[in-house]
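Have a look at the structure below, then the notes.
Where a number appears in this text, it was derived from the coordinates with a stated rule and is not lab data. For clarity, every value in this text was computed on a predicted model and none was experimentally measured. Cβ coordinates were reconstructed from backbone atoms using ideal geometry, including for glycine residues, and neighbour counts include every protein chain displayed.
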Amino acid sequence: MPIHFEDVDVVSQVAELKSVLIVPCNMCAAVTVAVREDKPFLQLFTSFLKSPPFDRYLQELRSRLGERGVKAEVFKCNIPHQWFLCMCSAGRHRKLLKAAKKHDAAVVMGCESAIRTVSEAVRSTDIKVIPGMEMTGIMNAKPRVKLSGHITFEDCQVVPISGQVS
């Protein structure tokens, strides 16, 4: 099941910067936001392969950053097999580096493995890599596909990772 996250206050961390690239994991981070908002993760017939709650979440983050004078761009990937940021292909690494070079920092919406992926992609630069979420456990949930084409997660519980207190 997906990793569960809590938000980190990145707005205050990047307030002195001019621009950031938001690099999301389109799976675990997106599932976290959908579950938190009690909304469908995917709506196959209306927003195929995009998570509307996560898209809104990223747009709201961009707006909050913009209010502080920080330009923000979202690194997008609509290919399902590359949704997991922790499994980034060489080609996606190159695209990530090219996009990140236009910014002062990369804000990673994902786990420690996603942070490592981004760090490795930009290691030849002086771009700061900033975690945008903090891992709190693993979600135990029941995925449901409804006749409407909505994919949801029900009966969600966060299982702490060994050594963490819930």
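A few comments on the model shown:
- Placing +1 on the Cβ of every Lys and Arg and -1 on the Cβ of every Asp and Glu, with nothing else charged, gives region 3-159 a dipole about its Cα centre of roughly 740 debye.
- The residues packed around Glu6, meaning those with a beta-carbon under 11 Å from its beta-carbon, carry a net charge of -2 if Lys and Arg are +1 and Asp and Glu are -1.
- Selected from Val122, Ala29, Leu42, residue furthest toward positive end of dipole (the chain; charges at beta carbon): Val122
- Inter-site label distance for Lys71 and Lys146 at 7 Å from Cα along Cβ, in nm: 4.0 nm
- Comparing Cα centroids, region 1-41 and region 63-126 end up 12 angstrom apart.
- Taking Lys and Arg as +1 and Asp and Glu as -1, the other residues whose beta-carbon sits under 10 Å from that of Met135 total -3.
- Under-5 Å amide H pairs with Phe5, H placed in peptide plane, nonlocal only: Thr136
- Taking 7 Å steps out from each Cα toward its Cβ at Lys39 and Ser19 produces label points 2.7 nm apart.
- Sites Thr125 and Arg56, calculated FRET efficiency, Cβ-Cβ separation with R0 25 Å, nearest 0.05: 0.25
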